[in-house]
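Each remark here refers to the structure printed beneath this line.
The values are calculated or read from the model by the stated rules, or taken from the named source; none is laboratory data. In this text, all values refer to a predicted model and were calculated from it rather than measured experimentally. Every residue, glycine as well, gets a Cβ built from its backbone with ideal geometry; the counts of neighbours run over all protein chains shown. Note: accessible area is taken over every heavy atom of the protein model, side chains too, but ligands, DNA and RNA are not part of it. Shrake-Rupley method; radii C 1.70, N 1.55, O 1.52, S 1.80 Å.
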Amino acid sequence: MELNSVKESATDVLVIGAGPTGLTLACDLARRGVHALVVERADGLFPGSRGKGMQPRTMEVFDDLGVLDAIRAHGGPYPAGVIWQDGKRQGEHRMFDEVAPTEAVPYAGSWMVPQWRTQEILFARLGELGGGVAFGRELTGLTQDADGVTATFTTGGPVRARYAVAADGGRSTVRRLLGIGMTGETVDPSPTLVADVRITGLDRDNLHIFPPADGEGFLAVWPLPGIEDFQLVANFEDPAATPDLSLEGIRKLVAARTHLEPDAVTEVRWASDFRPRAAMADQFQEGRVFLAGDAAHVHSPAGGQGLNTSVQDAYNLGWKLGAVLRGDAPDSLLDSYEEERLPVAAGMLALTTSVHRGETRRGEATQQLGLGYRGCSLAVETRTDLPEDALQAGDRAPDGRRGGVRLFDAFRGPHWTLLTVGRSPELPHLDSDLVHTIHIPPYEPYGTGVFLIRPDGYVGWAGETAEGLAEYWARFGARRRSASHRAQNASLGT
């Protein structure tokens, strides 16, 4: 549905695109009391299953945003693959290394949820938080000045915002209007077809793999959890091929590459084709406009990293925009978005290309739990002589239960968390409404010490004692709300 009650003439943040990136960002901003308007050129949410792989770090983000129960209820683990040849099962194939959950990593392994379902869940959560999406709003112009951004559309009036975020996909209109280049490579010149189909003659307990034969590409059929649909993926070895996306075309394809009859495909619910590529925007910020998700980086779908990296972009940017707009942090905090996310995106592009080419297994490397921001300006580590594998500033803060406290429960919400482990040093005064303070006994992933956990679950500052913590807080998190901030917010109706 479209929530037409949303005030469109002025807003804190204009989010262009209602995919997983835009909806995640809007949910994060809404829970921080930031007014965000999401505009989407289409008349509804994206209907396909395309980005179906959910990595453990994304599950942790969705835990924080209050949608994990729905994600788990409507998804399922990746099934074992069965390889077919001449109508007979020839063996099993597991696309992902199995990883068991631990106390520190509660959501291990990849989780399958069709992209359209993920978007429905985020959309519903946004509605619960008081936000909405304006559908049928195609962007035509974007200008900015020292105080904000003005956007125009094919229908409806202009929108004025303090900031804008491009979450409008790989063919981003915002990126084009800003004149930001995209640098990358074609991973595979041959086209790939992906479709959501209803199909008979295949069980729903397995991924069904049909290896290439007679110069044709592979074909795989995935049972999608909780519904009757399967996702069909087929590669074409001829770069000049034009996949037929019609019901008749997909029936012919299935009959040619499997033991099934054409009429085994009873319905095509959505279909698309693409050529896998890896590309990244030359910059992620231009003034008051930020690029996130596919607008900033386009991945091969191999390894299930694209949607997940996009969600992490939104999660990184949301708390920073919220802090600046509330006057709780200086505007310079926003410079850390590109500093932190651009190198991560570059690394993920290299990883997905490696997975696509069969050089890297889908396992620990693709779970995104080891990604972090060591060495960036917001990561201040005051301890010395730490081993490389020790938890350090910039790393993801692990979960765990100690002293009657579950850490993820303590971290959940829009606040910072001041965590002392195994010792109770004298602590500086930090704003109590911005920082929650907890103490736990010694816990191996942390060792002992003082850790300031950012709102996105990464260690911002770490030390044996609290010496230097007050200076860090004054730079990045101290309340700096001023009359000018209040006046700007009032002028935007917030």
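Values as computed for the structure displayed
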| item | result |
| --- | --- |
| Any hit, the range 242-252, residues being open to solvent by less than 40 Å² (accessible area, probe 1.4 Å) and in a strand (DSSP E or B) | no |
| From Ala73, Ala124, residue being within 25 Å of Leu202 (Cα to Cα), out of contact with any strand residue (DSSP E or B) (no Cβ under 9 Å at 6 or more places or on another chain), at pLDDT 95 or above and not polar (S, T, N, Q) | Ala73 |
| Residue that is surrounded by the fewest Cβ atoms within 10 Å (Cβ to Cβ), among those in the range 439-450 that are more than 15 Å from Leu386 (Cα to Cα) and in contact with a strand residue (DSSP E or B) (Cβ under 6 Å, 6 or more places away or on another chain) | Pro441 |
| Filter pass, Ala234 being in contact with a Leu (Cβ under 7 Å, 6 or more places away or on another chain), part of a strand (DSSP E or B), open to solvent by less than 10 Å² (accessible area, probe 1.4 Å) and under 21 Å from Met54 (Cβ atoms) | no |
| Candidates Thr200, Thr192, Thr173 - the one that is under 17 Å from Val254 (Cα atoms), touching a strand residue (DSSP E or B) at 6+ places or on another chain (Cβ under 9 Å) and open to solvent by 20 Å² or more (accessible area, probe 1.4 Å) | Thr200 |
| Hits in the range 65-96 (condition: farther than 22 Å from Glu228 by Cα and in contact with a helix residue (DSSP H, G or I) (Cβ under 7 Å, 6 or more places away or on another chain)) | Leu65, Gly66, Val67, Leu68 |
| Residue check for Arg31: at pLDDT 95 or above and under 18 Å from Gly327 (Cα atoms) | yes |
| Residues located in the range 147-184, provided they are closer than 16 Å to Pro276 by Cβ and in contact with a helix residue (DSSP H, G or I) (Cβ under 8 Å, 6 or more places away or on another chain) | Gly169, Gly170, Met182, Gly184 |
| Among (1) surrounded by fewer than 17 Cβ atoms within 10 Å (Cβ to Cβ); (2) in a loop (DSSP other than H, G, I, E, B), the one test that Glu471 misses | (2) |
| Which numbered condition Arg94 misses (of (1) on the phi > 0 side of the Ramachandran plot; (2) free of Cβ contacts under 8 Å to residues at least 40 places away in the same chain) | (1) |
| Any hit, the range 311-329, residues being among the small types (Gly, Ala, Ser) and either surrounded by fewer than 20 Cβ atoms within 10 Å (Cβ to Cβ) or without any contact (Cβ under 8 Å) to a residue 24 or more places away in the chain (or both) | yes |
| The range 59-101 - residue that is under 30 Å from Thr258 (Cα atoms) and of a type in the set (D, E, K, R) and, of those, least open to solvent (accessible area, probe 1.4 Å) | Asp97 |
| Unique residue being in contact with a Leu (Cβ under 7 Å, 6 or more places away or on another chain), in a strand (DSSP E or B), free of Cβ contacts under 8 Å to residues at least 60 places away in the same chain and over 20 Å from Glu340 (Cα atoms) when the list is Leu430, Leu452, Leu418 | Leu418 |
| Enumeration of residues in the range 203-225 that are modelled with pLDDT of 95 or more and farther than 20 Å from Gly75 by Cβ | Ile209, Phe210, Leu219 |
| Members of the range 391-408 found to be closer than 12 Å to Tyr373 by Cβ and surrounded by fewer than 20 Cβ atoms within 10 Å (Cβ to Cβ), listed by number | Gln392 |
